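Working notes for the structure below.
The values are calculated or read from the model by the stated rules, or taken from the named source; none is laboratory data. Every value quoted in this text rests on a predicted model; they were computed, and no experiment measured them. When we count neighbours, we look across all protein chains shown, and the Cβ atoms used for this are built from the backbone with ideal geometry, even at glycine.
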Amino acid sequence: MNGRVTISVLSAAMLLLIMIGTACTDGGVSVEIARSGFETESDLWRENPSANIDSEMVHEGVGSLFVFATGLVKVPIMDVPNVSVVGDSLTVTLWARTQILQESTVLEMLIDREGLDPRLAQVRMNDVRRTTPWSPVQIAFHLVPDEHPTRLRLALIVPQPGKLWIDDVVIWDGAPRTDAGTE
Ligand SMILES: [Ca+2]
């Protein structure tokens with residue numbers, strides 16, 4: 001009887017170790033800093049006539065952000081004050097859907113920094129173009145040494161005409177996963 005109990009405890013402990021090991025391999029640092037599912041209106045994109053909430057073409061929930069670009073358009077999507085970053089990078093994950101989008105969309109992050117001038121970082125989302133169904137995207141913004149972000153402002157830059165929907169945007173401290181997206 002005691003032997004069985006011991007084996008059960010050992011099995012549970014081994015399973016726990018395996019689970020912890022898997023989590024570390026997949027994630028490393030994976031703290032969520034901010035999230036937007038575009039479920040409510042925001043002043044951020046409301047003033048941009050190219051951007052709207054779409055309540056029909058959603059990836060999740062009741063809304064997504066829809067951008068109808070007739071030329072170059074920049075749409076602010078998140079403004080996150082008072083951040084504290086532990087990892088050596090920031091990762092943005094999102095879901096995107098495109099329709100006749102001529103050029104790749106660019107994700108722009110303006111990083112306010114403790115003791116330094118703000119830094120503007122831009123990453124081209126190579127697969128967010130042409131006509132595609134909802135697809136996961138993952139973009140990494142690497143931090144430079146001794147850079148301590150205090151505020152993050154995220155924007156989409158659509159360089160050419162086309163339609164774009166995005167949903168479930170998350171900014172992570174570090175790299176949350178390695179199984180999706182482009183960079
Ligand atoms: Ca949503």
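Would you tally the residues in the stretch 114-140 being under 14 Å from the mean Cα position of the chain (by Cα) and in a strand (DSSP E or B)?
The qualifying residues number 10.
Pairs please, first residue from the stretch 52-67 and more than 16 Å from V158 (Cα to Cα), second anywhere and more than 7 Å from the ligand (Cβ to nearest atom) and part of a loop (DSSP other than H, G, I, E, B), Cβ atoms under 8 Å, 6+ apart in sequence or on different chains.
That search, which allows pairs on different chains as well, returns I53/E41; V62/S55; G63/T40; G63/S55; S64/M57.
Out of the residues in the stretch 103-128 that are modelled with pLDDT of 95 or more and charged (D, E, K, R), state the one that is surrounded by the fewest Cβ atoms within 10 Å (Cβ to Cβ).
D117
Looking only at the stretch 43-67, filter to residues that are crowded, with 16+ Cβ neighbours inside 10 Å and either among the hydroxyl-bearing types (S, T, Y) or at positive phi (or both); which one of those is farthest from the ligand (Cβ to nearest atom)?
The selected residue is S50.
Can you find a residue in the stretch 70-77 that is part of a strand (DSSP E or B), in contact (Cβ under 8 Å) with a residue 60 or more places away in the chain, within 16 Å of the ligand (Cβ to nearest atom) and crowded, with 17+ Cβ neighbours inside 10 Å? Quick ask: steps written out before the conclusion?
Just the residues of the stretch 70-77 that are part of a strand (DSSP E or B), to begin with: 73-77.
Checking the rest, the ones that are also in contact (Cβ under 8 Å) with a residue 60 or more places away in the chain come to 73-77.
Subsequent filtering for residues that are within 16 Å of the ligand (Cβ to nearest atom) retains 75, 77.
Remaining after also requiring crowded, with 17+ Cβ neighbours inside 10 Å: 75, 77.
Looking through the stretch 70-77, at least one residue is part of a strand (DSSP E or B), in contact (Cβ under 8 Å) with a residue 60 or more places away in the chain, within 16 Å of the ligand (Cβ to nearest atom) and crowded, with 17+ Cβ neighbours inside 10 Å.
Just checking, does the stretch 18-32 include any residue being within 16 Å of the ligand (Cβ to nearest atom), part of a loop (DSSP other than H, G, I, E, B) and either at pLDDT 75 or above or not polar (S, T, N, Q) (or both)?
No: zero hits.
Would you call D167 surrounded by 14 or more Cβ atoms within 10 Å (Cβ to Cβ), assigned to a strand (DSSP E or B), within 16 Å of the ligand (Cβ to nearest atom) and of a type in the set (D, E)?
Numbers: surrounded by 14 or more Cβ atoms within 10 Å (Cβ to Cβ): yes; assigned to a strand (DSSP E or B): yes; within 16 Å of the ligand (Cβ to nearest atom): yes; of a type in the set (D, E): yes.
So D167 passes the test.
Take L156 and tell me if it is in contact with a Lys or Arg (Cβ under 8 Å, 6 or more places away or on another chain), buried (at least 18 other Cβ atoms within 10 Å of the Cβ) and farther than 21 Å from M78 by Cα.
On the way: in contact with a Lys or Arg (Cβ under 8 Å, 6 or more places away or on another chain): yes; buried (at least 18 other Cβ atoms within 10 Å of the Cβ): yes; farther than 21 Å from M78 by Cα: no.
No, not satisfied.
Looking at D173, is it away from the ligand (no atom under 16 Å from the Cβ), among the acidic types (D, E) and without any contact (Cβ under 8 Å) to a residue 60 or more places away in the chain?
Details: away from the ligand (no atom under 16 Å from the Cβ): yes; among the acidic types (D, E): yes; without any contact (Cβ under 8 Å) to a residue 60 or more places away in the chain: no.
No; evaluated as a whole, the condition is false for this residue.
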